[in-house]
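Here's the structure, in structure tokens; my notes come after.
The values are calculated or read from the model by the stated rules, or taken from the named source; none is laboratory data. The structure presented is a predicted model; accordingly, all values stated were derived computationally and were not measured. Glycine gets a Cβ as well: all are built from the backbone with ideal geometry, and neighbour counts include every protein chain shown. Just the protein is used for accessible areas: all its heavy atoms, side chains included, with ligands, DNA and RNA removed. Shrake-Rupley method; radii C 1.70, N 1.55, O 1.52, S 1.80 Å.
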Number of protein chains: 2
Amino acid sequence: VRASAVILAAGRGHRIGSGENKAFLPIADRPLLVWTLLAFADVPEVSEIVLVVAPGEKERVRRLLQTGLPPATLVGGGDVRRDSALAGVDAASGEIVLIHDGARPFASVELIGRVLAGAIEVGACVPVLPIVDTLREIAPGDSLTAAVLDRERIVRVQTPQGFRRSLIRRALQTAEPDVPDDAGAVLALGEAVRPVPGEETNLKVTVPGDLPLAEAIAEIRRPDRT
Amino acid sequence: VRASAVILAAGRGHRIGSGENKAFLPIADRPLLVWTLLAFADVPEVSEIVLVVAPGEKERVRRLLQTGLPPATLVGGGDVRRDSALAGVDAASGEIVLIHDGARPFASVELIGRVLAGAIEVGACVPVLPIVDTLREIAPGDSLTAAVLDRERIVRVQTPQGFRRSLIRRALQTAEPDVPDDAGAVLALGEAVRPVPGEETNLKVTVPGDLPLAEAIAEIRRPDRT
């Protein structure tokens, strides 16, 4: 089975406070996006990488790719995540597509393999993790409320999310513009999505407080990568 | 203000699959519990550490403490978290108590300071983090449901949780046996709990998959600790 990785890196990084795209943020000695690309380059079934970037940043990403990185098809992203994902899927040719947050630099080869296997079998597969911390609601006015959410049946959904290309294409074409993730578009069609175990190290770099953790993971990853 | 740290380390570690208490699990070159103790030893306001352990493990922990660690009062834990926390609070003498999961080895000095300041001001304070991943429900039969939870107002609650000792004592004495955390006991009394920013590195070691991340954090912490 041929699989395409579709990496979404069109975000602006408002929450990280850098003012520029998180993709270029250095983690250890490499831009974040380079870590993400290398993660997929190590998976034999991934025969193609489609990189969805802000139209104004194509040139900068192209130069980055010329520094000895795996080849990738560059595609301009849309205004919302749904549109960026659809642009990426439309440019992909694999029977399976693995749609991934560009800001998750440390998905392991094993994780990507699990998602791929689930997508081949069921048509749609996502990595999930249990909730370890207590979940509470914040009330307006900055106090916690007494409500506690039942965490037993709730999972955190990560990426890559793997799909048969024909299924995710149809799902994204009909999805609401604010669908939170690609699995949501498939679930809205009434199709099944298989959960497989995610990884705590597969974090999404979102706020400045995530950087120390990302640096720590980069340190342990370095030996495999160079 | 004098503060007491109450560290809950009476758990059995079922989910980690070690069959023994997680407290003794090696992280980098030290038992997990040693990392936890050292985190509090670095905070000047913490004048006392109370360590709640399974009654049958007191002797083993006592020997561990004799290896040059900060002094701690050992207390036997109860059957449920609530009872262990109350036993710890009853043995503490500080005006403020900081109740902490023994399985969170990497709370920073800054984090502990934020919780302490909030507890002094409001009476109860907990570290929280936003939810970055999409939250979904798992249906019986291992498929995801289409329900997506509104994550905007939901936070993950970590420890240490800081309280005026008199308040948390009253709260735990009247709390349900299955109260998920100590803040829950205070909220059940109708008292306010202030949220302050938590830290992603303040992870709870719960399943074997958490160990690579814990090792990574230990690596970046090592220079400050030795």
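For this structure, a couple of remarks:
- Matching residues in the range B:85-103 - criterion: being assigned to a helix (DSSP H, G or I) and either among the polar types (S, T, N, Q) or open to solvent by 10 Å² or more (accessible area, probe 1.4 Å) (or both): B:Leu86, B:Ala87, B:Asp90, B:Ala91
- When restricted to residues that are aliphatic (A, V, I, L, M) and part of a loop (DSSP other than H, G, I, E, B), the range A:68-84 contains 3.
- Per-region count, the range A:125-146, residues assigned to a strand (DSSP E or B) and either at the interface with chain B (Cβ under 9 Å from one of its Cβ atoms) or aromatic (Phe, Trp, Tyr) (or both): 14
- No other residue among B:Ala188, B:Ala171, B:Ala183 is crowded, with 21+ Cβ neighbours inside 10 Å and free of Cβ contacts under 8 Å to residues at least 24 places away in the same chain apart from B:Ala171.
- Looking across the range B:191-226, the residues that are facing chain A (nearest Cβ under 8 Å), touching a residue at least 40 places away in the same chain (Cβ under 8 Å) and more than 18 Å from A:Glu199 (Cβ to Cβ) come down to B:Ala192, B:Val193, B:Arg194, B:Pro195, B:Pro197, B:Glu199.
- Count - residues of the range B:155-168 that are in a strand (DSSP E or B), open to solvent by less than 10 Å² (accessible area, probe 1.4 Å) and within 7 Å of chain A (Cβ to nearest Cβ): 1
- Residue list for the range B:125-145, restricted to those being of a type in the set (A, V, I, L, M, F, W, C) and surrounded by 16 or more Cβ atoms within 10 Å (Cβ to Cβ): B:Cys125, B:Val126, B:Val128, B:Leu129, B:Ile131, B:Val132, B:Leu135, B:Ile138, B:Leu144
- Top-ranked residue of the range A:189-212 - restricted to ones that are acidic (Asp, Glu) and not in a helix (DSSP H, G or I), ranked as farthest from A:Cys125 (Cα to Cα): A:Glu200
- Given (1) among the β-branched types (Val, Ile, Thr); (2) in contact (Cβ under 8 Å) with a residue 24 or more places away in the chain; (3) within 30 Å of A:Val179 (Cβ to Cβ), number of the condition B:Thr134 does not satisfy: (2)
- No other residue among A:Leu65, A:Leu33, A:Leu25 is crowded, with 23+ Cβ neighbours inside 10 Å and either modelled with pLDDT of 95 or more or hydrophobic (A, V, I, L, M, F, W, C) (or both) apart from A:Leu33.
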